[in-house]
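Contents: one structure, followed by commentary.
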Number of protein chains: 2
Amino acid sequence: MVPTPANADLKIAVIGGGTGSFTLLSGLKEYTSSLTALVNMADDGGSTGLLRDELGVLPPGDVRQCLVALSDAPKLRDLFNYRFEEGSLKGHAFGNLFLTALEKMTGDFAEGVEVAAEVLNISGRVDPITLTNVTLMMKTKSHGEVKGEFLIGESDLGGERPEMWLEPEAGLNPKAQTAIKEADIVVIAPGNLYGSLAPALIVPGVGEALAASKALKVYICNLVTKPGQTDGYSVSDFASEIERLAGRDFLDAVVFNTRQPDKNLLKKYAGAGELAVAYDMAKLENASYQAFGADLLAGTIWENTSKSDPMAAARTLIRHDPIVTARSIIELYSNRTNED
Amino acid sequence: MVPTPANADLKIAVIGGGTGSFTLLSGLKEYTSSLTALVNMADDGGSTGLLRDELGVLPPGDVRQCLVALSDAPKLRDLFNYRFEEGSLKGHAFGNLFLTALEKMTGDFAEGVEVAAEVLNISGRVDPITLTNVTLMMKTKSHGEVKGEFLIGESDLGGERPEMWLEPEAGLNPKAQTAIKEADIVVIAPGNLYGSLAPALIVPGVGEALAASKALKVYICNLVTKPGQTDGYSVSDFASEIERLAGRDFLDAVVFNTRQPDKNLLKKYAGAGELAVAYDMAKLENASYQAFGADLLAGTIWENTSKSDPMAAARTLIRHDPIVTARSIIELYSNRTNED
């Protein structure tokens, strides 16, 4: 897969969390050196959650994944993603400890990110969407208030579209605001809608910044639904929730996958309650944004590295192809520019 | 303190453990860029001991200190020495976690050291004296066998000169052997004689390598005695124990301090059983090595960073001055060369 010619000056900001941003950044970095990852800062599960609980630091996990995506230092990339497997360090990703130690040492999470960025020799920038130490909050009729990203991600919403906010009220990181303002393209990454995209989109000021920015604003729609959370959501449902959470209709384009994944694979996913996201072309043609369907699936067979999770092998198979997805974004932008 | 002109090509190897090697390397790096730290690998206390116990890795602590001494990256130096203060990570120096994660990831401690050396932008090299996962062993009449560097360091020897060995038998790291062979100067750093220098000197092959090397071999004698271990040891006692442990008479020179530390300071040290090391000039003049006495004390007041240890402030005050001590070594070498 050879990228189309790069426009190294194209300023692209990617808003999201961990895996979805990782995929997009990995692809987009082949097209530009002016990438900025704006990262959700409400994660409170796993290694990240333990570090927040014990040391009161900001969540390092998603920032780490974005740094790794943009890194040009193979050994250190692997080191940052290395997880200890035994003893009292078990489960901690090394990169999380790196960011945590720097934050504790300097008292400044953002400075830690800068040092990590230098060590990892990244192209582009990684900026937390907020530097406030926030907790994600959700309210639904059936659950009342639910506190914390991990629990929210586990909640069965039964089709309800939840009210969501951050506590305490988050301040938009000025560097994130600038990145959105100055971008040529802002991409909303695919990801867990309420657990991972919401905490970035609901930071006060993000919706306003998106609406005010002259960038092309594109959402890369999820490939499958999440059981209990987005069951039955079509492409337009995802898009309208993205805009509802940001409090603004800001999307210029939505890119969605049109290729059906392999039948056996779909069966495995269906067994776990995950279904391919449907699209209704008639509806999408009348949307306020341009809907762009394409074959976005990765053809590569990913390795199952988690013995404890038999779904992992299958789950990694329905993934966005980083290069193809990135190219679709660049093409959308080029076409728009040419039409102007 | 301005260094005398450097001889950037002078090959110097420093054998030792943590703090003593740190001091010497910090000074010597002003005089040459061809420094090699050869590090004791039997440490089993504190953060290092816990990582060895839980993860089966080689001891990172002393290697970390030597890397930091040779580093030219201020922020990363501080990060490597940063210790977590709370939670399940409490007590771990970040640099120890760095070396441990790399060893677990690559299966090769030496490769981890290379990566750390690159990240820390060190001048010179740091090589473990052995890559065998060893335990320090000691035998005395009063204690029988004592296992492990930490316990050995705590044992009251009552004046006995202990039998010492490593289990399993250690292989001399070929890179350490080459460094000793090719050095212009080999320095034995000051340090805990039985707990820190012995485990380096008793590695099979070290004594032979030292005896065979054409380098100037210098021991920088400790400043104070250690209660229960080296009580009453004079400069010549330390030197003869160094040679006994290495199994060879190899020393060309011993550098010792002649300035009495401040009286109040000495009192504090005496309260903890630590006395200034005495020297008998008549005896030293007849020694098989050249004895070189000088004012080696650091004049700087060091900061007490340990609230839990009221001795820390005092203890840090009787220290070798890195530059003065390094210069004394360089001068010894220059004089010898001129006499040739």
| message | Looking only at the range A:111-158, how many residues end up being under 19 Å from A:Phe80 (Cβ atoms), crowded, with 18+ Cβ neighbours inside 10 Å and within 22 Å of the chain's Cα centre (by Cα)? | response | 11
| request: Have a look at B:Phe94, B:Phe80 and point out the one that is within 20 Å of the chain's Cα centre (by Cα) and closer than 15 Å to A:Leu102 by Cα. | output: B:Phe80
| note | Counting only residues that are away from chain A (no Cβ under 11 Å) and out of contact with any Ser or Thr (no Cβ under 8 Å at 6 or more places or on another chain), the range B:109-123 contains a total of 4
| If you go through the range A:159-175 one residue at a time, how many are farther than 19 Å from A:Gly191 by Cα and surrounded by 19 or more Cβ atoms within 10 Å (Cβ to Cβ)? | 3
| note | Note on the range A:276-293: residues crowded, with 17+ Cβ neighbours inside 10 Å and within 22 Å of the chain's Cα centre (by Cα) are A:Ala276, A:Val277, A:Tyr279, A:Tyr289, A:Gln290, A:Ala291, A:Phe292, A:Gly293
| task | Output the residues belonging to the range A:109-134 that are assigned to a loop (DSSP other than H, G, I, E, B), out of contact with any Lys or Arg (no Cβ under 8 Å at 6 or more places or on another chain) and hydrophobic (A, V, I, L, M, F, W, C). | result | A:Ile129, A:Leu131, A:Val134
| message | Restricting to the range B:173-186, name every residue that is under 19 Å from B:Gly247 (Cβ atoms) and either part of a strand (DSSP E or B) or in contact with a Gly (Cβ under 8 Å, 6 or more places away or on another chain) (or both). | response | B:Gln177, B:Val186
| field | Selection status of A:Thr32, in a helix (DSSP H, G or I) and among the β-branched types (Val, Ile, Thr) | value | no
| remark: Given the conditions (1) touching a residue at least 60 places away in the same chain (Cβ under 8 Å); (2) in a helix (DSSP H, G or I); (3) closer than 21 Å to A:Glu111 by Cβ, every one holds for A:Thr23 apart from (3)
| said: Just to verify a result, which residue in the range B:205-255, among those that are part of a helix (DSSP H, G or I) and either basic (Lys, Arg) or without any contact (Cβ under 8 Å) to a residue 40 or more places away in the chain (or both), is nearest to B:Asp156 (Cα to Cα)? | reply: B:Asp237
| Just for helices (runs of 4 or more DSSP H) wholly inside the range B:46-108: which have at least 3 residues that are surrounded by fewer than 18 Cβ atoms within 10 Å (Cβ to Cβ), more than 11 Å from chain A (Cβ to nearest Cβ) and hydroxyl-bearing (Ser, Thr, Tyr)? | none
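Coordinate-derived values only; no laboratory data. Remember, it's a predicted structure, so these values are computed and weren't measured experimentally. Cβ sites come from the backbone with ideal geometry, for glycine too, and all protein chains shown count toward neighbours.
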